[in-house]
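Novice: The structure under discussion is supplied below as C-alpha cells; questions concerning it will follow.
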Amino acid sequence: MPLAEASTGSAWRIEPATAERWDDFEALMGPKGGSGGCWCLLWRLPRPAFQAGSAENGAGNRRAMQALFDGPVPPGLLAYDGAEAVGWCSLAPRAAFPRLASSRLLKPVDDVPVWSVTCFLVRRSHRRRGLAVALLRAAADFARTHGAAMLEGYPIEPAKADYPPVYAWTGFAAAFRDAGFAEVARPSPTRPIMRLRL
C-alpha cells in the first residue's frame, strides 16, 4: 500500500525504497548516478569514503546505496507516476548521516532526537507540481511509523527566485513550509533548519 497519493493532476504514489524497487531508483538516478556519482550518499558517508566511492560514475556509492535498499529499514521514499519513479527523498535518523555532524552550518539545534530529510531528486518533468511536498508528507508518516517524534530538514531558501532546482537537492524551504514544517534556526541567510513535530 502506498504511503501517500497526490491529487494534483498526477497519478503518483509514494513507496518505501525497498530492494524490489532498486531498479526504479537506479533509473531515476540516471547513468551518472545522480550528481557526479553521489547515489544520494553525500550525507551518509564520511568524506573520504564518499569521494572514493564516486569514481567511475559512483560505482562504490552505488553498491553502498544498494546495500541500504537491501537492509531492514528503507533509506528513503520513491514517488511514482504510473510505473515510473519520478521522485526520491532520503530520510533516516540523524545519526545515519555522519556528514551532518561535521557540517559547519548544520550542527544539531538541541538535544532532541530527530529524523532527517536530507536529499531530494525530482525528475525534470515533475518539478513545480507539488511532488516535494507530497514526499515530505509521506516522509512524516514513514518516520512516525518508525518511532520518530521529530522530523528535520535542511532546505535552501535562495535569494533569487530563479534558483536552479537541480542545485537544491536538500529541498526548498517553501516546500517544507507547505508540508507543515517550521523554521527553528537559520545558520546562514539562505539555509534554514526546519522541523515538524510528529
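Novice: From the list W22, W43, which residue is of a type in the set (F, W, Y) and touching a strand residue (DSSP E or B) at 6+ places or on another chain (Cβ under 6 Å)?
Specialist: Numbers: W22 fails: touching a strand residue (DSSP E or B) at 6+ places or on another chain (Cβ under 6 Å).
Among W22, W43, only W43 is of a type in the set (F, W, Y) and touching a strand residue (DSSP E or B) at 6+ places or on another chain (Cβ under 6 Å).
Novice: On to the next question. Of the conditions (1) touching a residue at least 60 places away in the same chain (Cβ under 8 Å); (2) among the aliphatic types (A, V, I, L, M); (3) not in a strand (DSSP E or B), V184 fails just one. Which one is it?
Specialist: Of (1) touching a residue at least 60 places away in the same chain (Cβ under 8 Å); (2) among the aliphatic types (A, V, I, L, M); (3) not in a strand (DSSP E or B), only one is false for V184: (3).
Novice: Could you go through segment 147-155 and let me know if any residue there is touching a Lys or Arg at 6+ places or on another chain (Cβ under 8 Å), farther than 24 Å from L198 by Cα and of a type in the set (A, V, I, L, M, F, W, C).
Specialist: Looking for residues that are touching a Lys or Arg at 6+ places or on another chain (Cβ under 8 Å), farther than 24 Å from L198 by Cα and of a type in the set (A, V, I, L, M, F, W, C), one finds none in segment 147-155, hence no.
Novice: If you scan segment 93-143, which residues turn out to be over 20 Å from T190 (Cα atoms), of a type in the set (G, A, S) and in a loop (DSSP other than H, G, I, E, B)?
Specialist: The answer is G130, and nothing else.
Novice: Give the residue that is surrounded by the most Cβ atoms within 10 Å (Cβ to Cβ), with candidates limited to residues of segment 52-67 that are polar (S, T, N, Q) and in a helix (DSSP H, G or I). Reasoning before the result, please.
Specialist: Applying the first criterion (polar (S, T, N, Q)) to segment 52-67 yields 54, 57, 61, 66.
With in a helix (DSSP H, G or I) added as a condition, the list becomes 57, 61, 66.
Values: N57: 16, N61: 29, Q66: 15.
Within segment 52-67, the match that is surrounded by the most Cβ atoms within 10 Å (Cβ to Cβ) is N61.
Novice: On to the next question. For a quick check of your reading of the model, give me the residue pairs whose first member lies in segment 43-71 and is over 15 Å from R99 (Cβ atoms) and aliphatic (A, V, I, L, M), whose second is outside any helix (DSSP H, G or I) and at pLDDT below 90, with beta-carbon atoms closer than 9 Å and at least 6 apart or on different chains.
Specialist: What qualifies is A55/G37; A59/G33; A59/G37.
Novice: Still on this model: In segment 16-37, which residues are outside any loop (DSSP other than H, G, I, E, B) and touching a residue at least 60 places away in the same chain (Cβ under 8 Å)?
Specialist: Pass one, segment 16-37, residues outside any loop (DSSP other than H, G, I, E, B): 16, 19-29.
Those that are outside any loop (DSSP other than H, G, I, E, B) and touching a residue at least 60 places away in the same chain (Cβ under 8 Å): P16, R21, D24, F25, L28, M29.
Novice: Step by step: first the residues of segment 144-175, then only those that are under 21 Å from V86 (Cα atoms) and in a helix (DSSP H, G or I), then the one that is farthest from the chain's Cα centre (by Cα). Which residue is that?
Specialist: A174
Novice: So if I check each of L136, L151, which one is modelled with pLDDT of 95 or more and under 23 Å from G30 (Cα atoms)? Spell out how you get there, then give the answer.
Specialist: Numbers: L151 fails: under 23 Å from G30 (Cα atoms).
After applying the criteria, what remains is L136.
Novice: Is it the case that some residue within segment 181-196 is at pLDDT 95 or above, in contact with a Leu (Cβ under 9 Å, 6 or more places away or on another chain) and under 26 Å from P72 (Cα atoms)?
Specialist: yes
Novice: Let me ask another. Would you mind telling me which numbered condition in (1) in contact with an Asp or Glu (Cβ under 7 Å, 6 or more places away or on another chain); (2) under 24 Å from D81 (Cβ atoms) S116 fails?
Specialist: With respect to (1) in contact with an Asp or Glu (Cβ under 7 Å, 6 or more places away or on another chain); (2) under 24 Å from D81 (Cβ atoms), S116 is out only on (2).
The values are calculated or read from the model by the stated rules, or taken from the named source; none is laboratory data. In this text the structure is predicted, and so the values were computed from the model without any measurement. Cβ atoms come from the backbone with ideal geometry, glycine included; neighbour counts cover every protein chain shown.
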